[in-house]
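*Asks:* What follows is a structure written as structure tokens; I'll ask about it next.
None of the figures in this text is laboratory data; all of them are computed from the coordinates on show. Worth saying up front: this structure is predicted, and the values here are computed from it rather than measured. When we count neighbours, we look across all protein chains shown, and the Cβ atoms used for this are built from the backbone with ideal geometry, even at glycine.
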Amino acid sequence: MQQAMHQAANAAQIGEVPVGAVVIDADGHIIGTGYNRTITDHDPTAHAEIVALRDAAARVGNYRLPGARVYVTLEPCTMCMGAMVHARVAQVVFGAVDPKTGACGSVLDIAAINQINHHTQVAGGLLAEACGALLSDFFRARRAAIRAQKGKRPLEGVVPILPNVSLPQKDVPPPQPDVSLQPDIPSPQPGAFPPLQGGDSS
């Protein structure tokens, strides 16, 4: 399981949800490794278990992996459990439970369906606390990063302060015009304008 946790750490380093998996053959040798790559590969099927199964099948040269065991840090979903059934995996051992999509008893129990032609044994809870901490630490850091990013956005209704621009201050009288800059216009002399029509010219 520690090898699977190492794979999960690889996922976290590239921004993927930290879930890792390894495939062990009947002799105890690691024949496949994988971690979540759904975002990186734009592939909804690229869960850690699927990536590890593909790796193992490519190395063995057969999609069937009889006698193999899969160690994964999080309870597999229905897709991953279905793939392990098709691969004839003997046993899957997971760490933390997944109460939302777990298919080893949390939401569904694929292994308990009698009609399936192959039954993969299930064991859960191995290093569950450590495996769960990988996930909780990852999502805690992600939430903190989102909050920090939101804090950098300009607040609505706040006028940005531009460089070399002074904002008006309170209780400061407006500047008075400089009379020295006004043009020197002489006052009109009496009789300079003609009298108004029909009015008193005095």
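*Asks:* To one decimal place, what orientation-averaged projected area in nm² is obtained for the convex hull of the Cα set of the stretch 1-134? Write down the numbers at each step before the final one.
*Replies:* On the way: hull surface 29.3 nm².
The directionally averaged projection comes out at 7.3 nm².
*Asks:* Specify the inter-centroid distance of the stretch 48-69 and the stretch 128-147, based on alpha-carbon positions, in whole Å.
*Replies:* 29
*Asks:* Kindly put TYR35, TYR71, TYR63 in sequence by how many other C-beta atoms sit within 10 Å of each C-beta, fewest to most.
*Replies:* On the way: TYR35 30, TYR71 26, TYR63 14.
If I rank by nearby Cβ atoms, fewest first, I get TYR63, TYR71, TYR35.
*Asks:* Quick one: LEU65, LEU127, fewest Cβ neighbours within 10 Å first, how do they rank? Let's see the in-between values first.
*Replies:* On the way: LEU65 25, LEU127 19.
Least crowded to most crowded, the residues run LEU127, LEU65.
*Asks:* While we're here: Net charge within 14 Å of ILE39 by Cβ-Cβ distance, Lys/Arg positive one each and Asp/Glu negative one each, not counting ILE39 itself? Display every interim value, and only then the final one.
*Replies:* Values: positive: ARG37, ARG142; negative: GLU16, ASP41, ASP43.
Around ILE39, the charge tally is -1.
*Asks:* Under the definition of Cα pairs under 8 Å and six or more residues apart, what whole-number percent is the relative contact order of the stretch 1-134?
*Replies:* Values: 324 pairs, mean separation 27.3, N = 134.
RCO, the stretch 1-134: 20 percent.
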